[in-house]
Amino acid sequence: MRTGRVLFSTEKSESFLKLVLDPLHLETTSNRLFRHFGAHRFFKLIVPSFGRTPQPLNINRNQIHPRVQEWLNMPDKELVGFRWSAFHTRARKQKKSKSKFSEDEDEGYEVMLFATEGLDLPHVTLSQLLNWFMPIELNYRQSSCKAFARLELGVSDL
């Protein structure tokens, strides 16, 4: 699985955000999604909570969040030679502080992306991934909360 994080760019360029990729590493955990589709098709992107994250002075806080949301909702984002679609987002767990007087740090969000196509990958749509994991025909009467809970369970090891 690939991992990376979105950070504010410190360089003077057109983009105020930059994507920092973590080094590739061998996965020690496995789950149904990895075993069926391959761990190389998944990308965990750490996105800060822009409301509390320090940012450059020339950026309007109210413009950041909608632009990041727009990018995440855009299908088929091209990164590192693959087309990615976001399929799950969750708040990052906060680290417990040792001092009861220190303010909790906002850890932001984890966004799970799935590679729909790319270098030597057969094309698999996001709907095919979700239908394989939770077949729509068998689950269409379930509440949306139940579907999100199952998806959360499916990515809990990721």
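Laboratory data are not the source of any read-out in this text; all were calculated from the coordinates shown. It should be emphasised that the depicted structure is a prediction, and the values quoted were computed from it without experimental measurement. As a convention, Cβ positions derive from the backbone with ideal geometry for all residues, glycine included, and neighbour counts pool all protein chains shown.
Tabulated data for the structure shown
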item	result
Full-stretch length increase - Glu107, Val80 - with 0.36 nm per residue and alpha-carbon distance subtracted	7.2 nm
Leu21-Trp71 pseudo-label distance in nm [points 7 Å out on the Cα-to-Cβ vector]	1.6
Among 136-143, 38-45, the order from most to least packed when residues are scored by Cβ within 10 Å on average	38-45, 136-143
Nearest-0.05 FRET efficiency for Glu11 and Trp132, computed from C-beta distance (R0 30 Å)	0.15
Extension gain (nm, one decimal) between Asn62 and Lys93, 0.36 nm per residue minus Cα-Cα	8.7 nm
Point-to-point label distance, Ser144-His36, nm (Cα→Cβ direction, 7 Å offset)	2.3
